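Heads up: the structure comes next, in structure tokens.
What follows is calculated from the coordinates using simple rules that are stated; it is not laboratory data. Everything numeric in this text was worked out from a predicted model, so none of it was measured. Here Cβ is always computed from backbone atoms with ideal geometry, including for glycine, and neighbour counts include all displayed protein chains.
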Amino acid sequence: MPGSVPRLVVRDAAGNDREVEITRTPFTLGRQSDNDLVLLDSRISRRHAQVVQDEGGYVIEDAGSRHGTFVNSERITTSPLKSGDQISLGVTDSYQLTFVAGQVVLPKLLEQFGKASGSSVPQLQHLGLLLQMAQMLNRAPALEEVLTMLVDSAIQLTDAERGLLFLLDDAKELKLRLARGRGGVFLSTRLTDYSQAVVLRVMQTGREEVTIEEEKTGRAAHETAIIQSGMRGIVAVPLQKHAVMEMTGETMIRTAPEMLGLLYLDSRSRATSLTGLDRQVLQTFAVEGATVIENARMFRLTREQERIQHQLDLARNIQQGLLPRQLPQGDFFELQAITMPCHTVGGDYYDVIRLPNDRLGLTVADVSGKGWPAAMLAAMLQGAFTAVASGDPPLEELFRRVNEFLCERTPPEMFATIFYGVLDRSGNFHWVNAGHASPLVLRTDGSVEQLDSSNFPLGFFPRVPFGVQSSHLDPGAHVLVFSDGVTEAQNADSELFGEERLQTLLEGLVGLSSRELCSRVVAAVQDYVGSAPQADDLTLTVLGFTAP
């Protein structure tokens, strides 16, 4: 059997293993979604390492990663790989990789046991079936394939006529998931002619049951001396996860085994043949079956998480693409901006609009909530606001129309704060603040002025007025418009960065450019937060008036 394709055995932090074949080179590893092996850990670099093939075999190369690549605990830049080498990507409590090359032993064993399937020694057949289950576990295929093989192997092991697999769903209700007949025939999952009493007892006790019962009454053969109708032999095996030990403080707690479902097999034509089964083999098979199901579920969950992460990465790229690709430059202003979502996508955005008569419009918005819902509303708001603002209506009319749009199309709990200001060549700055964090004006004398407003956020109430206010900027003055992710950034003690700290910081930064101001403020916030996780989306724009 062919089995010489090299592969990586990937073990995650929870101890779950899966295999990934290296079918082409270079074979890239990292957290970015376009890698051949995607590893979901923010500490792993986007493009961390790659496996390449040369005349001597396979080689792993570090791709300039942040934390380095290690082979057998030695940090490497490039290193040849041999079967059994242990690879880690600079983080000891994350993924561990094992490089495997050469022939795969398990398929050869299975092939030999398949040739011996006609042997009169039943233990040999049992071992062969268990090795098939082990191979299935190693491959970690689709869950349906796992379940089908489990039932078919059980039918072959017991020589039953049919096998039914019951699994607990998310609501902990027992459902008939799969029904198979001898010879690999699919049966309806709506059938009801099985012993519901046996199924109930096994689920309640967690112990296997092997019995002969009367079909019509459901009574066991030993309960009556006369069997007046057909008999059926039944084997019902619970499928359950092993008990595990967990630490709670200094106390070790053993958790009870968790039921996954049960495997039910019966036969009418040879009812008595099922009662002579080796209980030890049956129990071993049940343990292997439960392990296969649980690992297949974990594999499916991992793949689903990878798919979701890939979609989030695409959404983030789309959202980033909605921001200005290049900030405009002019002879009377300078502009710098940054946005940092606390999740992959977020509810903050900024935009810049060129207006007639050589004017510049600047928007900064913050949608309520985080993640997907906020990102969707932010994209909708950006499209509506930019479309209306590009027509250059009076600012009162602009906000009235966008507010009515949001009130009609969003749920009551969703709203957005937004600041929009228009700067002309004379330094006149007309603005509307709809519930947004108060922007700050840094004057050339070092004073800091707040642009306060009493307007409601957009989407709160229909048909409300919005007040327009004006300021005049002298050459060298800067307007900082930001989301509350700046002032409400928290350190490890849950203390806020705060408006007072921001104003004090700005008083000492007179004379800097917009780019320098933006960098210094973001750096000060990050230094204050330290290792604490980012709690909210952060957006900062700095608009400087330089005079024509």
Checklist outcome for this item: Per the rule of 0.36 nm per residue minus the C-alpha distance, extending ASP358 to GLU507 adds in nm 50.6 nm
Checklist entry - Extension gain ALA523-ALA171, at 0.36 nm per residue separation less the Cα-Cα distance, in nm? => result 121.9 nm
Item to check | Net charge of neighbours whose Cβ lies under 13 Å from the Cβ of GLU74, counting Lys and Arg as +1 and Asp and Glu as -1 | outcome: -1
Checklist entry - In terms of modelled amide H atoms, which long-range or inter-chain residues lie less than 5 Å from the amide H of CYS342? => result ASP537, LEU538
Checklist outcome for this item: With x for Gly and Pro, the residue-by-residue ³J(HN,Hα) of segment 484-493, computed from phi through the Karplus equation 6.51 cos²θ - 1.76 cosθ + 1.60 at θ = phi - 60° and given in whole Hz, is 6, x, 7, 6, 9, 4, 10, 8, 5, 8
Checklist outcome for this item: Sorted by chain and number, the residues with a modelled amide H under 5 Å from that of ASN455, at a separation of 5 or more or across chains, are GLY435
Checklist outcome for this item: The set of residues whose placed amide H lies less than 5 Å from the amide H of HIS48, leaving out same-chain residues fewer than 5 positions away, is LEU29, GLY30, ARG31
Next on the checklist: Given R₀ = 35 Å, what would the calculated FRET efficiency be for ALA535 paired with GLU306, taking r from the Cβ atoms and rounding to 0.05?
Outcome noted: 0.85
Checklist outcome for this item: Phi angles of segment 81-88, converted by Karplus (6.51 cos²θ - 1.76 cosθ + 1.60, θ = phi - 60°) into ³J(HN,Hα) in whole Hz with x for Gly and Pro, give 10, 10, 4, x, 4, 9, 10, 10
Item to check | Spin-label proximity, ASP474 to segment 443-463 - amide N less than 14 Å from point 7 Å beyond Cα toward beta carbon | outcome: 443-449
Checklist outcome for this item: Note: probe point = Cα of GLN53 + 7 Å toward Cβ; backbone nitrogen < 12 Å; residues of segment 9-44 passing the test are 22-27
Next on the checklist: For a Förster distance of 35 Å, can you work out the FRET efficiency between the beta-carbons of GLU74 and ASP34, rounded to the nearest 0.05?
Outcome noted: 0.75
Item to check | Computed FRET value (nearest 0.05) for SER447 with THR205, which takes r as the C-beta separation and R₀ as 60 Å | outcome: 0.15
Checklist entry - What list of ³J(HN,Hα) couplings, whole Hz, do you get for segment 442-459 from phi and the Karplus terms 6.51, -1.76, 1.60, once you set θ to phi - 60° and write x for glycine and proline? => result 9, 7, 5, 8, x, 6, 10, 10, 8, 9, 7, 7, 10, 5, 6, x, 6, x
Checklist outcome for this item: Taking every other residue with Cβ under 12 Å from the Cβ of PHE333 and scoring Lys and Arg +1, Asp and Glu -1, one gets -1
Item to check | Cα gyration tensor, segment 371-504 - rounded (a/c under 1.5), prolate or oblate | outcome: oblate
Checklist entry - What does the charge count near VAL468 come to, summing +1 for each Lys or Arg and -1 for each Asp or Glu among other residues with Cβ under 13 Å from its Cβ? => result -1
Checklist entry - On full extension of the chain, what length is gained from GLU495 through MET380, given 0.36 nm per residue of separation minus the C-alpha to C-alpha distance? => result 38.1 nm
Checklist outcome for this item: So the pair-distance distribution of segment 378-439, from every Cα-Cα distance in 10 Å bins, comes to percents of 19, 54, 24, 4, 0
Checklist outcome for this item: Simple spin-label estimate for ALA387/GLU21, 7 Å along Cα→Cβ, in nm, reads 4.9
